[in-house]
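Worksheet: one structure, shown below.
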Amino acid sequence: KPLVSIKDVRKTYVMGHGPGGGLFGRRNQNNTVTVHALRGVSVDFYPGEYVAIMGASGSGKSTMLNLLGCLDRPTSGQYYLGDRDVSRLDDDELSEVRSRYLGFIFQSYNLIAQYTVLENIQLPLTYQGNGELTPEAQERSRELAAMVGLGDRYDHRPTQLSGGQQQRVAIARSLINDPYIILADEATGNLDTKTSHEIMEMLGRLNDAGKTIIMVTHEDDIAHHAKRIIRMRDGLVIEDGPSPRMLEAQ
Ligand code: ADP
Ligand code: ADP
């Protein structure tokens, strides 16, 4: 049974005046531009999967990940997370779904510079607005910091860490609510090759431990860490199958 199911999802951006758009969209008489970022995408994701979404710039990868991450709503189509149709939830309900079920990792880490490693890891809990953190939450953030190899740097700030270390803080942060799914958008885009593969190995271990991982990347050797590769073009899925690593293992 799928953990996530999207059915005939479309996403259309309508923009007013402004720069952008001219290259991709069509300007009509109202001087607006319509971009069909997703043009009818249906995909199921199963528990424990490790999926890479690939495709050229502008093919709709980020739009897809934003929808999967409940950061945005589809223009039409359904999105089921478990049994729940989340495509029509309001903003508050979406943010609730986000914090309970989803963890995020970004290319630019998105850490808060003034916060320590532990405070950054605790951030999703702080957003939930229950004031003081429980001793259990404190303990859990320490465990996660240690798990990503930063057990001796609880009080460091992001600027005192390397890029790879910062991304490891972000990975720990993504896990604080024990989400079903981790969504990663070009998570290694700012890292050198060696560090990138270290980060991918860490994601691989999380997947071995049962986490469902969905990532966007345009790099083949990063995508090859996943078990399944979905290719997009012009807002459509054009290919969906096992990654070469899985085929080799057979
Ligand atoms: P990718 O991640 O594969 O580069 P995107 O999903 O970001 O692709 O973009 C798909 C298309 O939608 C592109 O034409 C892009 O310019 C457009 N687009 C993405 N986000 C927005 C937005 N917020 N407003 C308007 N157009 C957008
Ligand atoms: P990335 O692909 O690195 O995740 P973004 O998601 O910010 O970057 O944007 C992806 C694409 O969508 C870019 O090509 C960008 O030009 C386009 N895009 C994003 N937001 C807008 C917007 N508000 N208006 C027009 N295009 C946008």
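Only alpha carbons enter this Debye calculation for region 61-179, each as an equal point scatterer, and the log10 of I(q)/I(0) it gives at q = 0.12, 0.18, 0.20, 0.21 Å⁻¹ is -0.48, -0.93, -1.06, -1.12. Residues whose amide H lies under 5 Å from that of Gly48, counting only those 5 or more places away or on a different chain, are Thr212; hydrogens are built 1.01 Å from N in the peptide plane.
Cross-link partners for Lys11 among the lysines, with Cα-Cα distance under 30 Å and sequence neighbours closer than 8 places in the same chain left out: Lys1, Lys61, Lys211, Lys227. Angle of helix 163-175 to the longest C-alpha principal axis of the chain, folded into 0 to 90 degrees and rounded to 10: 80°. Rounded if a/c is under 1.5, else prolate if a/b is larger than b/c, else oblate: which is the chain, with a ≥ b ≥ c the root eigenvalues of its Cα gyration tensor? Prolate.
For region 83-135, report the % of Cα-Cα distances exceeding 16 Å. Walk me through the numbers on the way to the answer.
Values: 745 of 1378 pairs.
I get 54 percent for the Cα pairs in region 83-135 exceeding 16 Å.
Helix 135-147 and the longest principal axis of the Cα set of the chain meet at an angle near 80°.
Considering only protein heavy atoms and a probe of 1.4 Å, how much of the accessible area of the chain is carbon and sulfur, as a whole percent? Write out the running numbers ahead of the final one.
Working: 6100 of 12750 Å².
Roughly 48 percent, rounded to a whole number.
The values are calculated or read from the model by the stated rules, or taken from the named source; none is laboratory data. The structure presented is a predicted model; accordingly, all values stated were derived computationally and were not measured. To get the accessible areas, we keep the full protein, side chains included, count just its heavy atoms, and leave off ligands, DNA and RNA. Shrake-Rupley method; radii C 1.70, N 1.55, O 1.52, S 1.80 Å.
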